[in-house]
Amino acid sequence: MRTFIDDVILDLIKKNHDLSQLTFVLPSKRAGTFLKYAIPKHVKKTLFSPEIISIEEFVETLSDFQYATNAELLFEFYDVYLKNTPKQHIESFDQFSKWAQLLLQDFNEIDRYLIPPNEVFDYLTAIKEIEHHHWSLDDEPTQYIKNYLQFWNRLKVYYTEFQKQLTTKKKAYQGLVYREAVNAIEQYIALNADKTFVFVGFNALNKAEELIIQELLHQDMAHIYWDIDQHFIDSSFHDAGLFTRYHKSNWKYFEKQNFNWITDYYSENKDIHVIGAPKNISQVKYIGELIGTIYKQKNTLQNTAVVLGDETLLLPLLNSIPNQVGAINITMGLPLKVIPLASLFESLFDIHKSVSSIVYYKNVIEVLSNQYINAVFETETSNEAEHIINHIQQQNKVYLTLEELKSLSSNYKLLIEILFGSWQNQPKLAIQNCIRLITILKTNLDKNKSDNLLPLEYLYRFQQVFNTLETLNASFSHVTTIATLFSIYRELLKSETLDFKGEPLKGLQIMGMLESRVLDFETVIITSVNEGVLPAGKSHNSFIPFDVKLEKKLPTYKEKDAVYTYHFYHLLQRAKTAYILYNTEPDVLNGGEKSRFITQLEVEDIHNIKSYIISAHVPSIEQKLRQIKKTPEIINTLKKVAEKGFSPSSLTNYIRNPIDFYYDKILGIKQYEEVEENVAYNTLGTVIHNTLEDFYKPLEGQFLSIEMIKGMKSKIPATVSHHFKAEFKEGDITRGKNLIIFEIAQRYISNFLNLEIDDLKQGHTIKIIAIETNNKVAIHIDDITTTVSLTGKVDRVDEYDGTLRIIDYKTGRVEPSKVHVTNWEDITTDYDKYSKSFQVLMYAYMMYKSNFISLPVEAGIISFKSLSSGVLKFAKKIPQSNSKDYAITSETLDAFEIELKRLISELYNPDIDFIEKEV
């Protein structure tokens with residue numbers, strides 16, 4: 001394909017120019033790379049490469065100033081702000097940086113367009129005073145209004161003093177560099193009269209650029225080549241030709257010289273597809289498929305470009321490109337804020353932005369789990385980071401001190417100190433610690449350099465960021481708190497990128513819209529062609545009002561949109577095939593409906609545009625319940641479990657969901673235990689059970705008395721506290737939600753004891769038979785040859801007015817109907833209704849088989865959430881009657897035994913799989 005760059009080179013050769021003696025000036029560095037590689041295609045002899053520079057580099061050379069970084073400008077500006085603002089009105093650096101960025105952009109615009117600054121600032125001050133007088137109800141302005149007006153008065157001072165300070169250091173923001181370049185153009189021409197400049201592919205030029213280029217053209221020291229199509233320049237309303245039409249009609253140079261060039265490529269036949277896709281991710285997934293199709297058809301992706309309207313789609317796009325696609329060249333930087341290492345420093349700043357002698361456990365785990373940190377702690381035999389995390393979980397530590405953390409490490413105390421030692425709200429110490437950490441991480445990565453080239457590059461870029469912060473803070477001392485440092489660090493990360501290096505002309509090109517300037521491709525894929533993205537639309541991030549910008553001929557959103565209109569249409573100009581994608585789902589934050597660019601293409605009716613909506617292929621995935629066959633190995637494991645004993649809870653777990661029983665008892669997989677920041681419900685239950693065991697265990701074989709119960713009540717606080725410490729480990733129960741739960745535990749036990757006292761006062765007798773008794777009995781099942789045991793701990797056995805009772809404590813609410821059985825077959829199938837009945841009957845069955853009790857007995861549940869109901873007794877509902885039988889007799893246990901044996905037989909049956917139940 002013949003590109004615009006090819007045309008430029010051929011024209012210069014035709015005019016007998018020695019290319020090696022020319023200086024090419026282009027809109028971007030990327031275009032310069034393509035130019036350099038295009039020259040050998042047309043020049044068949046050896047020659048020195050010409051000088052190829054971007055417009056910004058050229059202007060910097062003219063001005064004799066250096067571009068300052070955004071961070072440098074912010075620090076310098078704050079220095080000026082402090083010197084020229086009354087003390088009572090001075091804001092912190094953190095607050096200042098939020099509005100100073102906007103003001104710096106305005107300074108930049110004023111200078112690039114060579115506007116006399118006083119005209120703008122005096123105009124602004126007058127406008128604000130008029131606004132106040134027009135809208136204010138008070139004749140005398142308030143102090144707040146006075147301060148507000150004084151701020152606008154000071155803008156001119158800030159601008160003047162800021163320029164003076166930068167000029168003494170020969171550093172500048174872009175606008176100041178451009179203004180100085182204009183001032184120096186005559187001297188530069190006098191010193192470089194033998195040079196010839198070639199300006200290639202420009203569109204929108206600011207006033208300074210216009211003056212510089214025109215002056216060189218008038219001195220016959222330059223040539224300029226425009227890349228504009230007849231269709232754009234002839235149409236008075238087409239924004240793609242807005243700037244070029246202006247330059248052609250207003251530059252005196254073109255009154256006598258030809259305007260190179262107006263071409264007619266856009267009207268040629270093109271295969272244009274407009275594709276709507278739901279959400280951004282569908283766009284990049286479709287692009288992945290599209291690239292795969294193009295590659296199969298052509299076996300190459302040469303002269304193919306993906307242009308990202310929304311540059312944040314780079315990472316998902318890279319993950320969507322098929323593996324068979326070879327060379328990819330990325331002409332854009334990956335923002336540092338999205339690379340994995342950024343999350344580590346984000347976590348560290350979260351810990352240290354407030355001064356504290358303790359560290360929250362989640363912050364510790366987050367840092368130690370980070371892939372870079374975890375790798376440092378890892379050795380061939382152990383991982384100290386995992387050891388620390390396990391200790392935190394086992395000891396239920398919610399807050400940790402530095403000394404505790406260091407005591408848990410044998411070999412990495414220095415690293416623990418750097419990570420979790422207090423930064424004392426000192427930015428200097430914070431920066432030093434971050435740099436020390438990067439050094440440690442680099443040393444660890446250096447051990448296996450071949451696998452860690454990209455992470456080492458990450459570390460290098462972050463080292464540069466912290467070095468910049470250290471240098472600036474040492475020079476200005478504006479950053480006085482960690483919070484301010486964090487704010488500046490985040491600002492730096494927004495503008496800093498990790499630039500990719502690759503073969504620039506080989507394979508698929510991936511780039512942002514601005515990187516596409518001057519370049520031509522046969523196949524173009526453009527993403528995110530939505531209003532609010534392409535073009536960006538109305539936005540006014542400026543101190544200068546819209547009408548003032550119009551008055552002073554500063555660019556507004558209209559001109560900025562026209563810039564992107566040109567870039568969009570330029571991509572289509574020489575392309576043979578174009579795929580234009582947009583998001584069909586309007587999103588307030590990331591663009592709205594499809595772009596006006598697409599509508600304009602359709603209205604022009606020059607090309608036959610194929611429009612269609614795509615949707616992601618969503619396979620119909622049938623949800624299959626997990627099913628595990630009982631292999632001989634599983635049966636052997638089951639036999640070992642049976643020897644230890646099936647508890648009521650394990651059997652009801654099987655009833656509830658067989659797959660959970662399989663994971664728990666066969667595989668031995670326990671649920672991951674997190675730190676109990678708030679007391680868990682099972683911990684509360686354990687504390688209550690253990691407290692009542694302490695109170696009642698010594699009274700086995702005795703009748704209760706009111707005095708005994710009152711004695712227990714006096715011990716409630718100490719006993720509950722003791723068991724909370726045992727179960728909740730080092731968790732804090734002295735405040736917040738945990739204190740409430742601690743008080744609830746005491747209240748539950750106190751209410752329970754009050755219930756006992758009420759029963760005794762009413763003349764009932766209560767004899768404690770057994771407390772927390774362990775039971776283990778064998779059960780014979782005909783089709784199982786090995787030993788099967790049942791095991792379980794009964795909370796309480798007592799004799800109430802001569803009736804033996806088996807009692808199970810529950811801290812949750814239990815409905816009376818949940819301990820009533822109608823059909824025996826249901827007791828092993830319906831977990832929700834009959835699990836409580838199953839448990840108490842199994843306790844009665846085990847105690848009867850071990851000859852601990854004689855029949856009949858009663859069994860039931862005491863629910864601490866409904867103590868007023870007393871013991872919720874098991875009952876067998878009598879069919880066709882409303883009456884219930886509360887006595888557990890031999891007939892009751894025989895009926896239960898049949899169902900119990902059937903359940904255990906099912907467990908052992910190799911023909912019945914463990915099948916997951918739908919939840």
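Just so it is clear, none of the values below were taken in a lab; they were calculated from the coordinates. Since we're looking at a predicted model, the values are computed, not measured. All Cβ positions, glycine included, derive from the backbone under ideal geometry; neighbour counts span all protein chains shown.
Helix 482-495 and the longest principal axis of the Cα set of the chain meet at an angle near 60°. Note on Lys44: aspartates and glutamates with a C-alpha under 18 Å away, same-chain residues under 8 apart excluded, are Asp6, Asp7, Asp11, Asp18. For the pair Lys279 and Lys538, the difference between a 0.36 nm per residue extended length and the Cα-Cα distance amounts to 91.0 nm. Farthest toward the positive end of the dipole of the chain, out of Phe500, Ser817, Ser714, is the Cα of Ser714, where the dipole comes from beta carbon charges about the Cα centre. Computed from Cα positions, the angle between helix 174-191 and the longest principal axis of the chain comes to roughly 30 degrees. Fully extending the segment from Ile878 to Arg2 would add 305.8 nm, taking 0.36 nm per residue of separation and subtracting the current Cα-Cα distance. Between segment 173-221 and segment 564-588, the C-alpha centres lie 32 angstrom from each other. The long axis of helix 736-761 is offset from the longest Cα principal axis of the chain by roughly 20 degrees. Dipole magnitude for the chain: about 980 debye, using +1 per Lys or Arg Cβ and -1 per Asp or Glu Cβ, origin at the Cα centre.
Using the Cβ-Cβ distance between Asn383 and Asn636 with R0 set to 22 Å, the FRET efficiency works out to roughly 0.10.
Cross-link partners of Lys725 among aspartates and glutamates, defined as those whose alpha carbon lies under 18 angstrom from its own and excluding same-chain residues fewer than eight positions apart: Glu673, Glu674, Glu676, Glu677, Glu693, Asp694, Glu743. In order along segment 632-640, the phi-based Karplus estimate (6.51 cos²θ - 1.76 cosθ + 1.60, θ = phi - 60°) of 3J(HN,Hα) comes to x, 5, 5, 4, 5, 5, 4, 5, 5 Hz; Gly and Pro are listed as x. Among beta bridges identified by DSSP and lying wholly in the chain, the antiparallel ones come to about 40 percent. Here segment 817-873 is treated with +1 on each Lys and Arg Cβ and -1 on each Asp and Glu Cβ, and its dipole about the Cα centre works out to around 220 debye. Modelled spin-label separation between Arg813 and Thr312, with each label point placed 7 Å from Cα along the Cα-to-Cβ direction: 4.4 nm.
For segment 645-661, backbone nitrogen atoms closer than 15 Å to the point 7 Å from Arg626 Cα along Cα-to-C-beta are found at 654, 656-661. Loop-located GluC sites (Glu not before Pro) in segment 41-76 (DSSP state not H, G, I, E or B) with no more than 13 neighbouring Cβ atoms inside 10 Å do not occur.
The protection proxy used here, the mean number of other Cβ atoms lying within 10 Å of each residue, ranks peptides 740-750, 774-784, 428-438 as follows, highest first: 428-438, 740-750, 774-784.
Checked against a 25 Å cut-off, the cross-linked pairs Lys710/Lys767; Lys170/Lys549; Lys793/Lys849 give Cα-Cα distances beyond that limit for Lys170/Lys549. Identify the trypsin sites (Lys or Arg not before Pro) of segment 29-65 meeting these criteria: DSSP loop state and at most 10 other C-beta atoms within 10 Å of the C-beta. Qualifying residues, ordered by number: Lys44, Lys45.
Separation of the alpha carbons by more than 22 angstrom is noted, of Lys98/Lys353; Lys36/Lys560; Lys639/Lys810, for Lys36/Lys560; Lys639/Lys810. Taking amide H as placed 1.01 Å from N in the peptide plane, Ile224 has its amide H under 5 Å from the amide H of Phe199, each at least 5 places away in sequence or on another chain.
Taking label positions 7 Å along the Cα-Cβ direction at both Lys29 and Lys87, the computed distance is 4.6 nm, reported to one decimal.
In this calculation the C-beta distance from Glu604 to Asn260 is compared with R0 = 25 Å, giving a FRET efficiency of 0.50. Looking at Val367, Ala240, Pro619, which one has the Cα that reaches farthest to the positive end of the dipole of the chain (charges on Cβ: Lys, Arg +1; Asp, Glu -1)? Looking along the dipole axis, the top candidate is Val367. Spacing of the modelled spin labels on Asp122 and Glu799, each 7 Å from Cα toward Cβ, amounts to 11.0 nm. Of the residues Thr61, Ala385, Leu514, the one whose Cα sits farthest towards the positive end of the charge dipole of the chain is Ala385 (charges of +1 on Lys and Arg Cβ, -1 on Asp and Glu Cβ, taken about the Cα centre). In plain terms, the chain from Leu114 to His617 could stretch by 175.6 nm, reckoned as 0.36 nm per residue minus the Cα-Cα distance.
The lysines whose alpha-carbon is closer than 26 Å to the alpha-carbon of Lys610, local same-chain residues fewer than 8 away aside, are Lys270, Lys279, Lys285, Lys296, Lys298, Lys576, Lys594.
Between Leu453 and Thr786, what FRET efficiency comes out of the Förster formula 1/(1 + (r/R0)^6) with R0 = 56 Å and r the beta carbon distance, rounded to 0.05?
Step by step, r from the Cβ atoms, then E = 0.45.
Under the combined filter of DSSP loop state and at most 10 neighbouring Cβ atoms within 10 Å, segment 1-54 retains these chymotrypsin sites (Phe, Trp or Tyr not before Pro): Phe48.
Descending by average beta-carbon neighbour count within 10 Å, the peptides 703-710, 154-161 line up as 154-161, 703-710, the highest first.
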